[in-house]
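Input: a single structure, listed below in structure tokens.
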Amino acid sequence: MKSRLLCFLVLVVVLFLTPVSHSQRPRDVEQRVNALLAQMTLEEKLGQLQQLDGEGNGDFRPEHLDLIRKGLLGSTINVRGAQRTNQVQRVAVNESRLKIPVLFGFDVIHGYRTIFPIPLAEASSWDPLLAERSAAVSAQEANNAGVRWTFAPMVDIARDPRWGRITEGAGEDPFLGAAFARARVRGFQGDDYGAADRVLACAKHWVAYGAAEGGRDYNTTDVSENTLREIYFPPFKAAVDAGVGTLMSSFNSLNGVPASANPFTLTKVLRQEWKFDGFVVSDYTSVRELINHGVAANEEEAAALALNAGIDMEMVSRSFNQFGPQLLKQNKLTTATIDEAVRRILRIKFRLGLFDKPLTDETREPGSLLRPESIRLAREIAGRSMVLLKNDRDALPLNKNIGSIAVIGPLADDRRAPLGWWAGDGKPEDTVTPLAGIKQKVSAQTKVGYAKGCEVTGDSTAGVQEAVDLAKASDVAIVFVGEIADMVGEGASRASLDLPGPQMKLVQAIQATGKPTVVVLVNGRPLSIGWIVDNVPAILESWMGGSQSGNAIADILFGDVNPGAKLPVSFPRTVGQIPIYYNHLNTGRPPDPSNRYNSKYSDIPSTPLFPFGYGLSYTTFKISNLQLSAPQINVNGKLTVSVEVENMGRRAGDEVVQLYIRDPVASMARPVKELKGFQRVSLQPGAKKRVEFVLASEQLGFWNRELRYVVEPGEFRVMVGANSVDVLDAKFEVK
Ligand code: BGC
């Protein structure tokens with residue numbers, strides 16, 4: 001009894017001392033929101049729902065100051081820099097009637113000034129903690145530059161590499177995607193997005209944007225509710241559960257109803273089922289685009305549709321502001337709907353502490369960017385994100401004392417490509433290119449020659465001969481080919497996944513010299529590189545590795561870092577194979593090369609070029625001895641699944657052990673494999689370790705025909721291995 005009393009007293013003291021600022025206690029926030037709302041005119045309320053874009057260079061538009069003064073603008077995007085944001089904020093908090101601070105948003109996707117690998121690359125690390133750490137650095141830099149809100153993480157599942165925005169997400173799998181969504185939200189927001197080194201996060205694009213037909217950006221999506229709930233929703237649910245403060249609605253129409261006017265996703269799922277209490281911002285002009293979609297005749301109707309469906313803030317188009325008053329008069333919109341949207345936005349502004357501390361400390365910005373520890377982290381993450389695709393006869397790593405190296409290719413000394421799309425405030429001059437990284441890495445005696453060979457675009461092969469001559473005169477040729485930053489990201493869908501321009505000719509010419517050749521890919525999406533895989537002994541997928549990309553590549557090429565990353569997305573053999581993803585259904589006629597009447601193409605194998613989860617190391621691992629804690633579990637039970645992993649080689653290295661399940665007979669057809677667990681483990685040479693996974697039976701369920709989540713009793717398969725193909729297999733039963 002006494003000890004209970006003591007516990008209670010300790011708890012009271014702890015709660016009392018915990019540094020939650022007065023304004024941010026939930027009840028106080030609601031009181032302050034309501035008190036403020038009660039004083040607002042209709043115009044001021046609509047003003048809070050408006051977000052406008054700044055100038056391209058991070059500056060604000062002078063005419064916005066006047067809107068802010070009148071209380072007609074609640075948020076901006078792209079305005080950044082401590083001084084500039086303060087200049088704007090002073091107008092809001094000193095010169096507007098209600099002194100409501102402005103919320104400054106910016107796309108801090110994989111770095112603010114220190115640029116980390118593109119998110120698809122970070123997902124290749126299969127180490128969500130790394131993404132949490134990079135997001136935390138990005139948040140710290142952005143916050144010190146006056147940015148309080150990032151439009152990230154982008155958590156769209158993408159099964160189509162033609163879609164340029166595959167580069168921004170975590171790939172094709174909902175389980176891996178959810179793990180990275182959670183980690184990134186934690187990294188950006190910490191425990192309190194109002195803290196001085198954090199920012200408010202925004203999970204986007206809600207929803208199914210990655211399912212764009214044909215991989216064409218902004219295109220139509222048609223996805224069953226089952227597939228939405230099992231494939232496209234989970235990363236968003238993970239973000240919401242991790243406390244994400246905002247979501248962004250997507251551009252696409254979903255089953256005929258545009259996502260920016262979709263009551264099912266915006267209200268039923270998000271608010272009613274998931275109890276999300278933050279706000280939703282529409283994507284750039286997506287409210288006005290409801291007219292193009294053909295669901296609104298004009299902006300007035302667009303505003304009514306979007307607001308009534310559950311959009312709170314309108315990005316860039318201005319239909320809420322312009323038409324809100326008349327919609328109210330005509331009873332096409334209620335005051336309650338507007339008030340609720342305002343309440344959600346103010347709630348976040350209070351939680352951010354913006355009312356109590358609206359300005360940014362201008363002295364901190366310079367010292368917060370590109371800190372040595374941030375740069376070190378960027379290098380570490382890049383090294384842990386690059387995937388070794390091929391390494392015949394231990395072609396890699398190279399010896400640092402090698403006599404001469406030919407560094408070849410249009411991306412060998414390109415400072416922009418490694419920064420990828422959405423490079424924040426990243427600057428090409430901060431980039432370490434592969435050429436620079438290699439020069440720093442090798443011995444003083446090693447001769448490093450460089451020949452560009454060709455461009456990424458166009459068709460000129462005029463420089464190829466020079467590159468061939470250099471290769472012939474060197475001990476090894478390293479060829480850097482892939483995509484420039486403009487070829488990936490938004491509005492950058494590609495109909496071909498071949499190496500663009502004359503690059504394949506360059507690779508072929510270098511390979512034909514007979515010199516040992518290494519290809520390093522610098523790209524933002526899977527490419528169909530079958531010829532290279534068939535003909536070149538070593539291939540490293542470096543993705544777009546950020547500011548420190550060149551150092552990280554050199555770390556790997558010369559063996560200071562042993563690659564351990566794995567593909568978060570399947571690589572197709574050719575574009576015609578798309579969509580190709582590992583967690584497909586079995587069909588009634590699964591592919592069988594000996595039988596014509598099967599689900600396959602007649603002109604290529606039915607497998608991908610590289611499967612989901614694939615990647616090599618400079619050492620080899622043996623995964624063996626799969627054990628289950630029990631042959632059967634109850635519908636609400638748990639099972640421990642374990643394997644032994646042994647490093648069979650002479651170098652320390654990492655293996656990503658992956659666990660998949662299959663429900664072979666169910667009331668609905670189920671995928672041939674579903675990822676349900678993974679661990680990246682580091683092992684010294686010769687070391688052996690038992691890796692354990694706990695599989696809870698609720699992970700075994702699915703959304704059935706009545707759209708209820710069910711775990712159906714019966715036999716299950718569990719598979720554990722080093723990628724989605726090479727697995728050990730066991731069975732258990734759910735009672
Ligand atoms: C993109 C969003 C981005 C927004 C603001 C849109 O075009 O789709 O992802 O956050 O612009 O820059």
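Bear in mind that the values in this text are calculations on the coordinates, not laboratory data. If you're wondering where the values come from, they're calculated on a predicted model, not measured in any experiment. Cβ sites come from the backbone with ideal geometry, for glycine too, and all protein chains shown count toward neighbours.
Under 25 °C and 0.890 mPa s, how fast does the stretch 470-538 diffuse according to Stokes-Einstein, given a Kirkwood radius computed over C-alpha pairs? Answer in µm²/s, whole number. Numbers along the way, then the final one.
On the way: Rh = 12.9 Å.
In µm²/s, the coefficient is 191.
At a 10 angstrom cut-off on C-beta neighbours, averaged per residue, how do the peptides 364-371, 115-122, 37-44 rank from highest to lowest?
On the way: 364-371: 16.0, 115-122: 31.8, 37-44: 13.8.
Peptide ranking by packing, descending: 115-122, 364-371, 37-44.
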Subject >> Qualifying trypsin sites (Lys or Arg not before Pro) in the stretch 645-700, DSSP loop, other Cβ atoms within 10 Å at most 11 >> reply: ARG650
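Let me know the shape class of the stretch 421-558, please: from the alpha-carbon gyration tensor, a ≥ b ≥ c as square roots of the eigenvalues, rounded when a/c is under 1.5, otherwise prolate if a/b is greater than b/c, or oblate. Numbers along the way, then the final one.
On the way: a/c = 1.73, a/b = 1.14, b/c = 1.51.
It comes out oblate by the Cα gyration axes.
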Subject >> Of all DSSP beta bridges in the chain, antiparallel share, percent nearest 5 >> reply: 55
**OP:** Provide TYR450, TYR209, TYR614 in ascending order of the number of other Cβ atoms located within 10 Å of each residue's Cβ, fewest first.
**Re:** TYR450, TYR614, TYR209
**OP:** Work out the charge dipole of the chain with +1 on the Cβ of Lys and Arg and -1 on the Cβ of Asp and Glu about the Cα centre, then indicate which of SER570, ALA179, VAL287 is farthest towards its positive end.
**Re:** ALA179
**OP:** Give me the distance between the Cα centres of the stretch 525-572 and the stretch 593-609, rounded to whole Å.
**Re:** 28
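Where does each of 229-237, 633-641 land if you order them by average Cβ count within 10 Å, highest first?
Working: 229-237: 23.1, 633-641: 15.6.
In decreasing order of mean packing, 229-237, 633-641 become 229-237, 633-641.
If you stretched the chain out fully between THR267 and ARG69, how much longer would it get, using 0.36 nm times the residue separation minus the C-alpha to C-alpha distance?
Values: separation 198, 0.36 × 198 = 71.28 nm, distance 3.24 nm.
That works out to 68.0 nm of additional length.
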Original post:
Under 15 Å from a point 7 Å along the Cα-to-Cβ line of THR620: which residues of the stretch 708-735 have their amide N that close?
Top reply: 722
**OP:** Provide Rg and Dmax in Å for the stretch 54-120, with only Cα atoms included in the calculation.
**Re:** 13.6, 45
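Taking Cα atoms of the chain, Rg/Rh with Kirkwood Rh, to two decimals?
Details: Rg = 26.7 Å, Rh = 27.1 Å.
With Rh from the inverse mean 1/r over Cα pairs, Rg/Rh is 0.99.
Can you sort HIS110, HIS205, HIS64 by how many other beta carbons sit within 10 Å, fewest first? Present the calculation step by step, with values, prior to reporting the outcome.
Working: HIS110 35, HIS205 26, HIS64 20.
Neighbour counts put them in this order, fewest first: HIS64, HIS205, HIS110.
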Subject >> Projected label distance in nm at GLN508 and ILE604, using a 7 Å step from Cα toward the beta-carbon >> reply: 1.7
Original post:
Dipole of the chain, Cα-centred, from +1 at each Lys and Arg C-beta and -1 at each Asp and Glu C-beta, to the nearest 20 debye?
Top reply: 1480
